[in-house]
Amino acid sequence: MSDTETTEDEQEFEKLPDDAAVDLQAEFEKSQVQEVLDKLDKELVGLVPVKTRIKEIAALLLVDRLRRRFSLTSETPTLHMNFTGNPGTGKTTVALRMAEILHRLGYVREGHLVSVTRDDLVGQYIGHTAPKTKAVIKKAMGGVLFIDEAYYLYKPENERDYGGESIEILLQVMENHRDDLVVILAGYKDKMDRFFESNPGMRSRIAHHLDFPDYSADELEQIADLMLKEQSYQLSDCARQALSEYIPIRMELSHFANARSIRNALDRARLRQANRLFASRDKALKKEDLITLREEDFRASRVFLDGKLDGDPADGIMNEMSFEEK
Ligand SMILES: Nc1ncnc2c1ncn2[C@@H]1O[C@H](COP(=O)(O)OP(=O)(O)OP(=O)(O)O)[C@@H](O)[C@H]1O
Ligand SMILES: [Mg+2]
């Protein structure tokens, strides 16, 4: 951190005399964190334990700021986190919101999120890893570094693996640049637990563990409604029935990825709707036709036809996975 930034920081945390009184509510309003919390409540279905933890963390950070102004503490708290849960449970989405909260509370300068996996950090050859990891860290400074499937950094079975080198650099930065970079690790719970067992240094630097549960069929239907609304689509009554039959069947099939699978299913229904409309293009279309997904747009799914995943057989089931959000 440069000298000028330190000065700004000191201004923000202007010290108060012992007998001063501070208004926590006013501080809270000033931070505009409520806006982010409201958005989180409105735009994300379920996830009650995660939302509660985020509110707790926000409260902790607010109180910490006030304590600093009374010189009760001078250390930047450790804010590195661990998000565990199955694919499509909202980890990346919540990490983005977390970055915004940390920014509004003044714990990171910029509040951007840099999302990486092992390949972005670890090189194939000797000497390549350190520069790669350092370049990623540089990009993330002042914001949040989100490391998806972080356990792949550590491959004990491979003696000549460079992942350990990347972990060493990350550990140093997580300790020495706590005031300007927050690292969020993410991945499956059991794999993450094993990773921490072998990397106690990493575990000791993580302050908050948030577990993202799988969604219920009911929550997935609500998520579908939110996504449809966002994209200006609606379901006919029969299409709604088809979707609510689709969800529990899809949940039992392979490669199920919670909300991501729902997004994919809606993408394919929209594709079928477009083809249906195109096939009868001689008829005039109303706005209603353009926004309505009908029963057949869902029932044509292979999930209904033969209990398999959608996609061209030539692409194999990867097609189901290829609608990854960018
Ligand atoms: N609770 C929710 N309410 C509404 N939409 C959600 C919810 N959870 C996830 N989504 C949506 O589902 C998609 C996948 O979510 P996200 O990428 O955050 O999951 P993830 O846990 O990071 O998944 P992965 O492990 O596959 O990276 C996104 O489009 C996101 O907006
Ligand atoms: Mg993700």
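When residue 215 is tested against (1) surrounded by fewer than 22 Cβ atoms within 10 Å (Cβ to Cβ); (2) within 16 Å of ligand 2 (Cβ to nearest atom), only condition (1) is not met.
So which residues in the stretch 212-246 are outside any helix (DSSP H, G or I), of a type outside the set (Gly, Ala, Ser) and touching an Asp or Glu at 6+ places or on another chain (Cβ under 9 Å)?
Result: 234, 235.
Remark: pairs (first residue in the stretch 262-279, more than 16 Å from ligand 1 (Cβ to nearest atom); second residue at pLDDT 95 or above and not in a helix (DSSP H, G or I); Cβ separation under 8 Å; 6+ apart in sequence or on different chains) = 273/292; 273/293; 273/294; 276/294. I'd like the residue in the stretch 65-88 that is of a type in the set (A, V, I, L, M) and within 15 Å of residue 180 (Cα to Cα) and, out of all such residues, is surrounded by the most Cβ atoms within 10 Å (Cβ to Cβ). Applying the filter and picking the extreme gives 79.
Among the residues examined, residue 253 qualifies as modelled with pLDDT under 95, more than 16 Å from ligand 2 (Cβ to nearest atom), among the hydrophobic types (A, V, I, L, M, F, W, C) and under 28 Å from residue 185 (Cα atoms). Checking each residue in the stretch 301-314 for being at pLDDT 85 or above and surrounded by fewer than 17 Cβ atoms within 10 Å (Cβ to Cβ) picks out 302, 304.
Enumerate the pairs (first residue in the stretch 58-84 and closer than 27 Å to residue 201 by Cα; second residue anywhere and charged (D, E, K, R) and part of a strand (DSSP E or B)) with beta-carbon separation below 7 Å, excluding pairs fewer than 6 apart on the same chain, so at least 6 apart or on different chains. Listed pairs, sorted by first residue: 84/211.
Taking the listed residues 114, 94, 122, 108, the one that is at pLDDT 95 or above, buried (at least 18 other Cβ atoms within 10 Å of the Cβ) and more than 16 Å from ligand 2 (Cβ to nearest atom) is 122, with no other qualifying. Taken over the stretch 86-107, the residue count meeting the criterion of being away from ligand 1 (no atom under 12 Å from the Cβ) and not in a helix (DSSP H, G or I) is 3. Here is a check on your reading of the model: is residue 263 in a helix (DSSP H, G or I), charged (D, E, K, R) and within 16 Å of ligand 2 (Cβ to nearest atom)? Against the criterion (in a helix (DSSP H, G or I), charged (D, E, K, R) and within 16 Å of ligand 2 (Cβ to nearest atom)), residue 263 qualifies.
Of everything listed in (1) of a type outside the set (Val, Ile, Thr); (2) within 12 Å of ligand 1 (Cβ to nearest atom); (3) more than 27 Å from residue 228 (Cα to Cα), the single unmet condition for residue 64 is (2).
Of all residues in the stretch 142-195, those being within 16 Å of ligand 2 (Cβ to nearest atom), closer than 23 Å to residue 110 by Cβ and not hydrophobic (A, V, I, L, M, F, W, C) number 1.
The values are calculated or read from the model by the stated rules, or taken from the named source; none is laboratory data. Computed from a predicted model, the values in this text were never measured in an experiment. Please note: Cβ atoms are built from the backbone with ideal geometry, for glycine as well, and neighbour counts cover all protein chains shown.
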